[in-house]
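The values are calculated or read from the model by the stated rules, or taken from the named source; none is laboratory data. These figures come from a predicted structure and were not determined experimentally. Here Cβ is always computed from backbone atoms with ideal geometry, including for glycine, and neighbour counts include all displayed protein chains.
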Amino acid sequence: MCPKTDDELTPEDMERLLSAVIRIRKRRRVALLGYLVALVTLLVGIPWSLVAYARGPRGMAGLWVMVMPILAVGLVLWIFGKWSRKA
């Protein structure tokens with residue numbers, strides 16, 4: 001079965017195509033928003049972790065602070081990924 005051209009599509013087919021395009025566009029918009037929020041989280045989190053590490057006690061005890069921005073970015077990407085799949 002070869003694909004139909006736009007002239008051969010029924011109004012129901014056009015409606016389904018349009019709804020699929022709108023759904024994909026909404027998913028991409030949510031994903032882009034997630035990437036931007038993750039970028040801001042990383043750009044704020046890294047300097048914050050460096051300051052927190054510098055002001056903390058000396059030694060390896062405060063090194064866990066460096067992992068927190070990466071975990072926050074992972075959490076943001078996971079939440080927005082779930083949200084975009086529901087969209």
Qualifying residue in the stretch 43-60 (condition: of a type in the set (A, V, I, L, M), touching a residue at least 24 places away in the same chain (Cβ under 8 Å), in a helix (DSSP H, G or I) and out of contact with any Pro (no Cβ under 9 Å at 6 or more places or on another chain)):
no
Every residue in the stretch 61-87 that is of a type in the set (D, E, K, R) and without any contact (Cβ under 8 Å) to a residue 40 or more places away in the chain, please.
Lys82, Lys86
Quick check on Glu15: is it surrounded by fewer than 12 Cβ atoms within 10 Å (Cβ to Cβ), at pLDDT below 90 and out of contact with any Phe, Trp or Tyr (no Cβ under 9 Å at 6 or more places or on another chain)?
no
Do we have Gly34 as more than 12 Å from the chain's Cα centre (by Cα), small (Gly, Ala, Ser) and surrounded by 14 or more Cβ atoms within 10 Å (Cβ to Cβ) here?
no
Note down all Cβ pairs under 6 Å where the first residue falls in the stretch 7-30 and is under 21 Å from Ala87 (Cα atoms), the second is modelled with pLDDT of 90 or more and not polar (S, T, N, Q), and they're at least six residues apart or on different chains.
Val30/Trp83
